[in-house]
Amino acid sequence: MGEAAGGLAGDPAGEWSPGPSTRLAGVIGHPIRHSRSPAILNAAFRATGLDWAYLAFDVPEGGAAGALAAMRSLDVGGLSVTMPHKQAVAAAVDVCTDAARALDAVNCVVPDGQRLVGHNTDGDGFLRSLAADAAFDPAGRRCLVWGAGGAARAIVAALDRVGAAEVVVVNRTADRAEVAVALAGAAGRLGTPADVADADLVVNATSIGMGAEPATGPTAGPVPPGAEAVHDGQVVVDIVYQPVRTPLLARAEAVGATPVDGVGMLVHQAAVAFELWTGHPAPVAVMAAAARAGLAD
Ligand code: NAP
């Protein structure tokens, strides 16, 4: 497993450097320059004393199968996958988990003997963040998700998997919304912005708010349609994490709802990957600090 002498003692003096037994993990994507994953995962390896290193690889569209071949021949210990490769990797691994197969998207590749196994950790990362950051259990609750892209579909499927009473999808493009709704089975329903007020949990999984100025007040900046109906007693998640404090979260806070930012999902999906690759519990607090250090508030 490439563990440092002394097991999980960590590397408080910053003495670690890569050697002949270091295990390599990394992320493929394009563009990849702004990825927070190297900071998050390397912080986790150093905190746990594991002799692993994590790098970012800029792999243009069409390069996923070649990257997986390299993963095999170089005995890479774990691979994260981001845009635009999630679907191509789902086709190129030897086997997918049920979640990754249902979504036709892999964001984490785990070697298992001679096989490469494709996982999708976004749904579990989202659920762990909900539990850790808001103590919210979706079982039996009414949930509304804005969006029907890759992240939204993972969240919709995860909410159904843990027994949400209802998973309402609101999306700009209706036929994409239908695809997302189908992932929630009998709990899924196509919704409108008028459904926002009735939900216990509302989740922005669109890119609305991404790149906005960090919100200083409840009225500034772009929010998803119907966000004016957010009220106290609701849990409001914005998976957009650039900025961390989005206009939607500022609004949620102003009306007394419980805001949950997107750094939680980012960190917890990386924590799931860390655990799958190394077999060790992830140092989530260290990973969160590393993630937040590089993000605009
Ligand atoms: P995606 O597959 O491209 O989907 C984008 C979604 O946003 C679609 O539902 C799209 O609607 C909607 N959308 C985009 N612009 C819109 C606009 N102007 N008005 C209304 N709807 C709009 O992207 P994704 O991978 O799902 O990511 C979505 C967001 O989540 C991004 O900001 C990404 O950074 C963030 N994210 C966060 C995490 C995390 O760990 N926190 C993980 C994954 C993604 P249409 O279907 O109508 O085009």
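The values are calculated or read from the model by the stated rules, or taken from the named source; none is laboratory data. Only a predicted model underlies this, so the values are computations on that prediction, with no experimental measurement involved. Ideal geometry is used to build each Cβ from the backbone, glycine not excepted, and the neighbour counts take in all protein chains shown.
Among the candidates 110, 162, 95, 117, which residue alone is β-branched (Val, Ile, Thr), surrounded by fewer than 24 Cβ atoms within 10 Å (Cβ to Cβ), away from the ligand (no atom under 16 Å from the Cβ) and closer than 26 Å to residue 34 by Cβ?
So the residue among 110, 162, 95, 117 that is β-branched (Val, Ile, Thr), surrounded by fewer than 24 Cβ atoms within 10 Å (Cβ to Cβ), away from the ligand (no atom under 16 Å from the Cβ) and closer than 26 Å to residue 34 by Cβ is 110.
Yes/no per residue for (1) more than 28 Å from residue 25 (Cα to Cα); (2) more than 12 Å from the ligand (Cβ to nearest atom):
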{"residue": "235", "(1), (2)": "yes, yes"}
{"residue": "243", "(1), (2)": "no, no"}
{"residue": "253", "(1), (2)": "yes, yes"}
{"residue": "260", "(1), (2)": "yes, no"}
{"residue": "270", "(1), (2)": "no, no"}
{"residue": "276", "(1), (2)": "no, yes"}
{"residue": "279", "(1), (2)": "no, yes"}
{"residue": "283", "(1), (2)": "no, yes"}
{"residue": "290", "(1), (2)": "no, yes"}
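Only one of (1) more than 9 Å from the ligand (Cβ to nearest atom); (2) touching a residue at least 12 places away in the same chain (Cβ under 8 Å); (3) out of contact with any Gly (no Cβ under 6 Å at 6 or more places or on another chain); (4) at negative phi is not met by residue 210, so which one is it?
Going through (1) more than 9 Å from the ligand (Cβ to nearest atom); (2) touching a residue at least 12 places away in the same chain (Cβ under 8 Å); (3) out of contact with any Gly (no Cβ under 6 Å at 6 or more places or on another chain); (4) at negative phi one by one, residue 210 breaks only (1).
Does residue 133 count as in contact with a strand residue (DSSP E or B) (Cβ under 9 Å, 6 or more places away or on another chain), under 30 Å from residue 26 (Cα atoms) and touching a residue at least 24 places away in the same chain (Cβ under 8 Å)?
Spelling it out, residue 133 is indeed in contact with a strand residue (DSSP E or B) (Cβ under 9 Å, 6 or more places away or on another chain), under 30 Å from residue 26 (Cα atoms) and touching a residue at least 24 places away in the same chain (Cβ under 8 Å).
Of everything in segment 98-107 that's of a type in the set (A, V, I, L, M, F, W, C) and not in a helix (DSSP H, G or I), which residue is nearest to the ligand (Cβ to nearest atom)?
105
Name, by its number, the condition in (1) part of a helix (DSSP H, G or I); (2) closer than 23 Å to residue 207 by Cα that does not hold for residue 145.
The single condition residue 145 does not satisfy is (1).
Picking from 164, 194, 135, which residue would you name as being on the phi > 0 side of the Ramachandran plot and at pLDDT 95 or above?
135
If the Cβ limit is 8 Å and pairs must be 6+ apart or interchain, which residue in segment 238-249 that is in contact (Cβ under 8 Å) with a residue 24 or more places away in the chain and basic (Lys, Arg) pairs with which residue that is part of a loop (DSSP other than H, G, I, E, B) and more than 9 Å from the ligand (Cβ to nearest atom)?
From segment 238-249, the pairs are 245/214; 245/215; 245/297.
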